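The values are calculated or read from the model by the stated rules, or taken from the named source; none is laboratory data. Source: prediction; values computed, not measured. FYI the Cβ positions are ideal-geometry reconstructions off the backbone, even for glycines, and counts take in every protein chain you see.
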Amino acid sequence: MPALAARGLAKRYGAIEALDGVELEVEDGELVGLLGPNGAGKSTLVKIACGLVRPSAGSVDVCGSPAGSLAARRRLGYLAELFRFPGWYSADEVLELHQRLSGSRGGEGERRELLELVGLADARDRRVEAMSKGMQQRLGIAQALVGSPQLLLLDEPTSALDPAGRRDVRRLLEELRARGVAVLLNSHLLSEVELVCDRVVILSRGRVVAAGRTAELAAPRGVEIETDGGVRSYPEARREDAPRLVADLVRAGQPVYGVRVLTTTLEELYLDVVEERAT
Amino acid sequence: MSGAVTIVAYAVQEARRRRIFLIVLLLTLAFLALYGLGVEQVMDVAEPEIAAEGPLDVDAEMVIGATLLGLAMFATFFLGTVLAIFFTLGVVRGDAERGLLQPLVVRPVGRSTVLLSRFLGAALFCALYVVCVFGAAYAITGWLTGWWPDRFVAPALELAAAVALLAALSLLGSVFLSATANGIAVFMVFGAGLMAGFLGQIGEALGSETLTEVATVASWALPFEALYQDALARLTIESSGLERFFVQLGPFGGAEAHGPELFAWAGVYLIFVGAAALAAFARRDL
């Protein structure tokens with residue numbers, strides 16, 4: 001049973017079709033990146049999975065329970081793109097409130113562990129209103145982890161973080177994946193998604209326009225071989241052609257210093273499919 | 001149940017941390033002190049004058065006491081309304097627009113629990129507040145004028161029910177309107193109810209059936225106003241003749257006994273408003 005399964009998911013806001021027949025699965029222990037331009041429907045999809053928005057058609061199941069049901073909400077953790085915690089609460093109190101609401105029995109130990117995990121151990125008693133945006137985002141991630149959820153839905157979790165903060169979140173996500181937690185990561189940061197996600201799903205105008213492992217999605221762009229005569233380019237060659245090309249050069253007496261198999265980057269793939277859908 | 005307790009505790013903690021309780025307490029004490037000063041001054045100046053008007057044969061203490069307590073009752077109702085509206089005006093759409101609501105409602109507590117808890121927290125606090133302030137005004141009036149109203153418990157409970165109804169209306173409005181728009185709307189509804197009371201009084205004085213009927217319909221459409229009118233009427237329910245006439249012409253009159261069916265209607269109204277708010281919130285995209 002997948003941790004998250006969307007089937008024929010559609011959502012209309014009046015005349016605007018935010019989602020149109022979306023199919024998506026996230027397995028246990030899988031980290032899936034959700035990409036797409038502004039207005040593609042990424043946040044709507046995540047909100048439907050959380051039960052915040054009702055779908056116009058189709059369904060979403062969270063660990064086998066319909067999205068929005070109490071059973072589904074017991075199993076997920078969610079960080080919204082635009083969220084706010086009461087400014088008068090301390091970091092520890094925010095987590096305590098969410099422990100009570102989620103029925104977590106982790107107590108003070110869980111709160112301390114989560115604050116350490118997101119690098120806020122020293123800010124335990126600091127009020128939210130005295131925190132920077134980046135600290136609040138770290139606290140938001142800790143809040144989403146309260147109660148050890150099986151599925152984590154993160155909507156732009158690193159938008160306010162500095163590079164070191166983003167690296168910390170990447171490490172955290174990898175650790176969660178190792179623990180078997182399923183993660184759907186909604187992000188605009190393609191490099192981040194490429195570094196950490198097992199699979200990517202690209203949405204454009206409410207539809208899935210590409211989905212799969214990054215390596216599978218990447219299109220071949222030829223092979224470059226560095227010899228003493230300079231870099232030779234073979235634009236039509238594929239990865240499996242590289243050994244033969246090198247052997248031919250060696251046989252011809254050309255010393256080979258390096259080989260590069262070229263594929264499209266995630267950014268190029270993203271721009272290709274999104275622009276194609278837009279035209 | 002534990003989810004409901006957590007939400008109520010959250011609301012109470014917010015009010016305490018934001019010093020709302022402290023501000024309300026200090027300003028209410030100031031209001032009661034001013035009220036006491038006013039009652040004392042009126043007794044010093046007006047009581048001998050009324051008593052000197054021998055042929056009118058009215059109980060000066062009763063006329064002054066009932067008029068001033070009616071004034072205090074209106075002020076208490078107004079303060080309770082302000083609290084009820086400010087505690088609830090942004091509970092749904094206002095908090096959702098600020099991103100405060102979503103992290104709470106994705107937790108396994110249920111939207112109905114969130115809404116009912118916020119209503120219970122606001123309604124209980126405001127009800128307790130108006131009962132306490134009205135009780136203090138009652139004691140001040142009795143102590144300084146020597147006149148004690150005919151009823152205390154029933155009017156106090158009616159005031160409490162009236163502010164609870166306003167809290168429910170404000171919660172219903174919060175599902176559809178932004179915080180500012182909702183606050184304005186509920187205050188205008190409150191003002192409309194007040195105007196209905198004045199219209200009824202003018203209608204009775206002029207003998208206009210149309211005005212009286214409009215006022216009656218408006219009072220029942222907005223039962224918080226009918227409860228207030230009924231509570232006011234109960235202060236002097238056992239008086240009669242010229243004294244009752246003077247009391248009903250008081251500065252914030254509109255005293256009108258509505259009978260026991262009012263309570264049944266207020267209950268049905270509260271259930272209807274609550275059900276509408278729950279149904280609308282359950283369907284609302286956040």
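Which of the residues belonging to region B:10-35 are within 14 Å of chain A (Cβ to nearest Cβ) and either among the small types (Gly, Ala, Ser) or not in a helix (DSSP H, G or I) (or both)? Residues satisfying the conditions are B:Ala11, B:Ala15, B:Arg18, B:Arg19.
Consider A:Ala142 carefully, then state whether it is closer than 20 Å to A:Lys47 by Cα, crowded, with 17+ Cβ neighbours inside 10 Å and without any contact (Cβ under 8 Å) to a residue 60 or more places away in the chain. Answer is yes for this residue. Within region B:1-23, the residues that satisfy the criterion of being surrounded by fewer than 17 Cβ atoms within 10 Å (Cβ to Cβ) and among the aliphatic types (A, V, I, L, M) are B:Met1, B:Val5, B:Ala9, B:Val12, B:Ile20, B:Leu22, B:Ile23.
Here region A:102-138 is the region considered, the condition is being in contact with a Gly (Cβ under 6 Å, 6 or more places away or on another chain) and within 14 Å of another protein chain (Cβ to nearest Cβ), and the residue that is surrounded by the most Cβ atoms within 10 Å (Cβ to Cβ) is A:Ser102. Within region A:27-36, restricting attention to residues that are in a loop (DSSP other than H, G, I, E, B) and not acidic (Asp, Glu), the residue that is farthest from the other protein chains (Cβ to nearest Cβ) is A:Gly29.
Among the criteria (1) touching an Asp or Glu at 6+ places or on another chain (Cβ under 7 Å); (2) touching a residue at least 40 places away in the same chain (Cβ under 8 Å), the one A:Gly147 does not fulfil is (1). Of all residues in region A:52-91, those satisfying the criterion of being facing chain B (nearest Cβ under 10 Å), touching a residue at least 24 places away in the same chain (Cβ under 8 Å), over 19 Å from A:Tyr13 (Cα atoms) and not charged (D, E, K, R) are A:Leu76, A:Gly77, A:Tyr78, A:Leu79, A:Ala80, A:Phe83, A:Phe85, A:Pro86, A:Gly87, A:Trp88, A:Tyr89. Answer yes if at least one residue in region B:197-209 is part of a helix (DSSP H, G or I), under 16 Å from B:Trp265 (Cβ atoms) and in contact with a Phe, Trp or Tyr (Cβ under 8 Å, 6 or more places away or on another chain), and no otherwise. Checked region B:197-209: no residue is part of a helix (DSSP H, G or I), under 16 Å from B:Trp265 (Cβ atoms) and in contact with a Phe, Trp or Tyr (Cβ under 8 Å, 6 or more places away or on another chain). Starting from residues that are outside any helix (DSSP H, G or I) and more than 14 Å from chain A (Cβ to nearest Cβ), keep the ones in region B:100-154 and report whichever is modelled with the lowest pLDDT. My answer is B:Asp150.
Looking only at region A:37-51, which residues are part of a loop (DSSP other than H, G, I, E, B) and either more than 10 Å from every other protein chain (Cβ to nearest Cβ) or at pLDDT 95 or above (or both)? Correct list: A:Pro37, A:Asn38, A:Gly39, A:Ala40, A:Gly41.
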